[in-house]
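This report refers to the structure that appears directly beneath it.
The values are calculated or read from the model by the stated rules, or taken from the named source; none is laboratory data. Just so you know, these numbers come straight off a predicted model, no measurement behind them. Neighbour counts run over all protein chains shown; Cβ positions are idealised from the backbone, glycine included.
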Amino acid sequence: MRQLLLLATLLLSHAVQALPGNYLAQQRADGDFALVATGSQALILVDQHEHKGVLRAVDSLQRDINSISGRQLAIATQGRAKQLLIIGSLGNNALLDQLVSSGKLDVSAIAGKWDAYHIQLIAQPLPGVDQALVIAGSDKRGAIYGIYDLAETLGVSPWHWWADVTPVQRAELYIKAGTAFSDAPKVKYRGIFLNDEHPALTNWSEEKFGGYNSRFYLHVFELLQRLKANFLWPAMWNNAFADDDWQNAVLADEMGIVMSTSHHEPMMRADKEWNRYGEGPWEYSTNRDNIYKFWQQGAKRHKNLESLFTLGMRGQEDEPMSEGDNIELLQQIVADQRQILQETFNDRPIASVPQVWALYKEVQGFYERGMRVPDDVTLLWADDNFGNIRRLPTKAERNRSGGAGVYYHFDYVGAPRSYRWINTVPLAKIWQQMSLAWQYQADRIWIVNVGDLKPMELPTDFFLRMAWNPDAFNADNLQQFTTDWAAQQFGAAQAPAIASLLQTYTAHNGRRKPEAIEPGSYSILHYAEAERISTELAQAEALADKVQQQLTAQLQDAYVQLVAHPLKASRAVFELNRAVAMNQLHAQQGRASTNYWAERVKYWFDTDANLTAQYHSLGNGRWNHMMSQPHIGFTYWRNPPANLMPVVSVASPMPVADMGVAAEGSKLSWPISEYRGEQLKLDTFHPHGQQQRQIEVFNKGSAAFEFSAKASADWVTLSQSQGAVKTEQRIAVSIDWRKAQTGLNQAEVYIKGTGWGGAKVQVSAFKPAVAATTGFVEADGYIALDAASAKVGGSSAHARWQKLEGFGHSAAAMVALTERDYQPDEANIRQAPYLEYPLYFHSTGQVMLHSTVAPTLQLLPGRKLRFAVALDDAQPVIVDTLPDSSEHAWQHAVLDSSRTLKTPLHIKQSGVHRLRIYLLDPAVVLHRLLLDSGGVKPSYLGPPQSLYLTDGTAAINGAQ
């Protein structure tokens, strides 16, 4: 039933609302509850026996209402008013019990549930009371979540403290008549891991709080409460949560935050505690007694605090055990840890003590080779540190009483490249991976490494809301979530524009993380790739500035933090590397403009520093240090100790005029090419391919000169035939197809400037004899396809292809969605769901299909990640998207955020053809398709999508 419900959710275009319910009345109506009204306000009633954590949240709600309305509601343990706000947890509030027993409050939907709450508006609940708004929690956390649901509905963002988001001011606050609903989480433990937190978060917390103490964690815990989370792995870079400040642990328990320790810190003892108190080496085979006592102390210390005990053992500082693959030793370690817990919690069954075994990195190998833990221990599967889940529960594993969970990453230190600086994860990728976790019942724990927390506001919010209710999200409403989130922080008027900005920078960083961008990452020679990205980011920054000018002064700091800074900082790193690449090319060609690009490198390096300084100056230094993570100058996986200015070339042009000429697509330039006997040439033009190619006339000296340009054939069109050059001039070359002959046409452009002779650039154009009719047309030696341009067919109740926007190397990807444990009928592949692309080929013979997919991993033992390809009526060819599972291949895949598979296909005759991609296995995400008939040039994203014709329309300049 669960997987049927999930598939139904995936197939619908609408979903349960992900953000809080809309029960705040925008306009007062009869029966509405007056929380704050002209001349009146509600009284908040709590019970004196209520949990401290609930009372603390009530105090926060009081402050929230005051921040919106300027009115402070009274809080009392007894009393009456016309309008009451009654808050409490079941069993700890006598008034709630009275309302239940009188039949005026029905809490059957939450009674006995974990972290559940019920909100209901009741008429005449008590004598002398007109209305009561009731917030009832099934337990302590449930009541707290209900409180913060109301606060968020009133207009207080969960990020009001952490991102300076100010709520909209309202003189009156009314709750809609008839309000009544219950809610409860779908994932039991939902939380974050503060990790890799030096230097940014560490220096900030030291400056503002004196370190990672309870004053600091108070704000972390409240953020988790507001996001309806309940689980935390605390900062551990050089810290020990319970040892640094014992009030950390006490406060967490009071506020309902279940504490644990990270995947390599067993038994509620921080790694750094062993450095402080451990005796002997951290090696169980030789120092069992001392380590055993160390763990006993951790269990005893947390006996009366709500905790989740991490089992197992890794080396210190998150390294593999020195004992390597000694599974027998690790099994003994877990057995001893269980014995400690049994002795500590001797008044309860060991199975009732929450425990987790994190199958991280090499530890998963222990499990795959046969190591097991008792069924009541939760198996915490991990991603590959780059957002690709390595494994999910099999059918048999889904029956374990301890269940399973997922440890995910927004931040990572390690090979092939650390990424710790800024948000790089598209929400669509998080959804695609975590919806699989939900589908395969990895639903006991969802925890995500958020690094310093601060730069990861958007994905953290999304991850935790999805953990609360995965069914509220599907492939079709992710863009709407971003818009709704933007509206919550900045108001509805600017939300669509802000959402587009958030999607632009996350999609850009999702294609390749800033830390992995190098001068050669994006091509400066082919398909105007780097220039196109530069234009896109520049336009986004211009929009960001326009939006910022329209926001109130109160929202400026929040906007910089959540929108403007990550966008502009991401752009600066890209432009810095593009400028280095241009500087290198122009130096190689001897251009005077070498110095211009050297200056641009320095400009973008300084821009990055200025953006950081601006961020640190917000609120008079409120976030000082928070963006101080070095991110420029990587030479291997580890970040440099500080941002390093790239080495640039500097030219010393002579005070004369000296012409050079370069042709688009080549590093060659005249006159060097002529000395080497190499001819400058432009790539061959095709009627439905790239319509312009550039010739650059540049100066190698400092004095200006004039040039002339002439084509040897009238079918070659030049944007200019003469001009003056101080630094450089571009000549756009295009083809008049009405004058070109059928077949191959060849000509040259002769450019005369300074000195003796001139440069010759070959121009060729191929005009097919037969007109293209319909489909994506072959041109420039390829057909390029965005995966989402397909016609989708063959969908069933069991499987389908689904468009997924904001993920991949183009605007949208296609993801294979199936019911759990779906098995394809390989004997009848043509009956499977398919993507269909109409094609038109002028050429014949072999073409190579390049299929670009997300770097998804095999989720289940023995289950592959495949699809099938068929051209026309040919037998479908099965494509394995993970043919090489080596470390080397994985490193390339995660740096590129993709894998590319090559499949040879044969074109028997020119004309109309049909390409189909058949769904075989779940979790495949298809980004792009590229059919190479011999003309594809090196680039990162590949050429833009080919032209699509409908019944011969869209002819270029009369071409057939």
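Among the listed residues P855, P838, which satisfies the condition of being part of a loop (DSSP other than H, G, I, E, B), surrounded by fewer than 23 Cβ atoms within 10 Å (Cβ to Cβ) and either assigned by TED's automatic domain parsing to the domain that holds A437 or modelled with pLDDT of 95 or more (or both)?
On inspection, the qualifying residue turns out to be P855.
Pick from E541, E515: which is assigned to a helix (DSSP H, G or I), acidic (D, E) and surrounded by fewer than 22 Cβ atoms within 10 Å (Cβ to Cβ)?
Step by step, each of E541, E515 is checked, and only E541 is assigned to a helix (DSSP H, G or I), acidic (D, E) and surrounded by fewer than 22 Cβ atoms within 10 Å (Cβ to Cβ).
Inspect all residues belonging to region 549-572 and state whether any of them is over 30 Å from V156 (Cα atoms) and either outside the structural domain of H927 (by TED's automatic domain parsing) or out of contact with any His (no Cβ under 6 Å at 6 or more places or on another chain) (or both).
The answer is yes; a qualifying residue exists.
Filter region 421-459 for residues that are within 27 Å of A642 (Cα to Cα) and of a type in the set (S, T, N, Q); which is surrounded by the most Cβ atoms within 10 Å (Cβ to Cβ)?
So, considering only residues that are within 27 Å of A642 (Cα to Cα) and of a type in the set (S, T, N, Q), the one surrounded by the most Cβ atoms within 10 Å (Cβ to Cβ) is T424.
Which one is farthest from L882 (Cα to Cα), of the residues in region 894-952 that are modelled with pLDDT of 95 or more and among the acidic types (D, E)?
Filtering region 894-952 for residues that are modelled with pLDDT of 95 or more and among the acidic types (D, E), the one farthest from L882 (Cα to Cα) comes out as D932.
Can you name every one of the helices (runs of 4 or more DSSP H) wholly within region 256-355 that holds 2 or more residues which are more than 28 Å from G414 (Cβ to Cβ)?
Details: elements: 271-277, 288-301, 327-344.
Filter on region 256-355 gives 288-301, 327-344.
Please enumerate the residues belonging to region 694-716 that are more than 23 Å from P655 (Cβ to Cβ), surrounded by fewer than 16 Cβ atoms within 10 Å (Cβ to Cβ) and not charged (D, E, K, R).
In the first step, residues of region 694-716 are kept if they are more than 23 Å from P655 (Cβ to Cβ); the result is 694-695, 708-716.
Of the ones still in play, those that are also surrounded by fewer than 16 Cβ atoms within 10 Å (Cβ to Cβ) are 694, 708, 710, 712, 714.
Correct list: Q694, S708, S712.
Give the residue that is surrounded by the most Cβ atoms within 10 Å (Cβ to Cβ), with candidates limited to residues of region 367-395 that are out of contact with any helix residue (DSSP H, G or I) (no Cβ under 9 Å at 6 or more places or on another chain) and of a type in the set (V, I, T).
If we take residues in region 367-395 being out of contact with any helix residue (DSSP H, G or I) (no Cβ under 9 Å at 6 or more places or on another chain) and of a type in the set (V, I, T), then T378 is surrounded by the most Cβ atoms within 10 Å (Cβ to Cβ).
Which one of the conditions (1) of a type outside the set (G, A, S); (2) loosely packed, with under 14 Cβ neighbours inside 10 Å; (3) not in a loop (DSSP other than H, G, I, E, B) does Q120 fail to meet, given that it meets all the rest?
(2)
Out of all the residues in region 717-748, which are part of a loop (DSSP other than H, G, I, E, B) and surrounded by fewer than 18 Cβ atoms within 10 Å (Cβ to Cβ)?
If we filter region 717-748 for residues that are part of a loop (DSSP other than H, G, I, E, B), which is where we start, we get 719-721, 726-727, 736-742.
Passing the criteria: S719, Q720, S721, K726, T727, D736, R738, K739, Q741, T742.
Just the residues that are under 13 Å from N22 (Cα atoms), more than 29 Å from the chain's Cα centre (by Cα), of a type outside the set (A, V, I, L, M, F, W, C) and surrounded by fewer than 20 Cβ atoms within 10 Å (Cβ to Cβ), please, taken from region 145-178.
Those that are under 13 Å from N22 (Cα atoms), more than 29 Å from the chain's Cα centre (by Cα), of a type outside the set (A, V, I, L, M, F, W, C) and surrounded by fewer than 20 Cβ atoms within 10 Å (Cβ to Cβ): K176, G178.
Can you pull out the residues in region 57-90 that are surrounded by fewer than 20 Cβ atoms within 10 Å (Cβ to Cβ) and either aromatic (F, W, Y) or outside any loop (DSSP other than H, G, I, E, B) (or both)?
D59, S60, Q62, R63, N66, S67, I75, A76 - these are the residues of region 57-90 that are surrounded by fewer than 20 Cβ atoms within 10 Å (Cβ to Cβ) and either aromatic (F, W, Y) or outside any loop (DSSP other than H, G, I, E, B) (or both).
Within region 339-365, how many residues turn out to be touching a residue at least 40 places away in the same chain (Cβ under 8 Å) and under 18 Å from E887 (Cβ atoms)?
Adding up the residues that qualify gives 5.
Considering each of N643, N624, N639, N610 in turn, give the residue that is outside any loop (DSSP other than H, G, I, E, B) and either under 20 Å from T202 (Cβ atoms) or modelled with pLDDT of 95 or more (or both).
Criteria check complete, one pass: N610.
I need a count of the residues in region 715-731 that are of a type in the set (G, A, S) and within 44 Å of the chain's Cα centre (by Cα).
Going through region 715-731 one residue at a time, the tally reaches 1.
Looking at region 665-680, which of its residues are touching a Lys or Arg at 6+ places or on another chain (Cβ under 9 Å) and either surrounded by fewer than 20 Cβ atoms within 10 Å (Cβ to Cβ) or more than 29 Å from A703 (Cβ to Cβ) (or both)?
Across region 665-680, the qualifying residues are G665, S666, L668, E674, Q679.
Would you mind stating whether N195 is buried (at least 23 other Cβ atoms within 10 Å of the Cβ), closer than 30 Å to A613 by Cβ, in contact with a strand residue (DSSP E or B) (Cβ under 9 Å, 6 or more places away or on another chain) and not assigned by TED's automatic domain parsing to the domain that holds L24?
The answer is yes for N195.
Output the number of residues of region 887-937 satisfying the condition of being under 30 Å from E362 (Cβ atoms), among the hydrophobic types (A, V, I, L, M, F, W, C) and in contact with a His (Cβ under 9 Å, 6 or more places away or on another chain).
So the answer is 1.
Name the residue, out of A772, A765, A759, that is in a strand (DSSP E or B), touching a His at 6+ places or on another chain (Cβ under 9 Å) and among the small types (G, A, S).
On the way: A772 fails: in a strand (DSSP E or B); A759 fails: touching a His at 6+ places or on another chain (Cβ under 9 Å).
Answer to the selection: A765.
Quick check, is N230 polar (S, T, N, Q), buried (at least 21 other Cβ atoms within 10 Å of the Cβ) and in the same structural domain as A382 (by TED's automatic domain parsing)?
Answer is yes for this residue.
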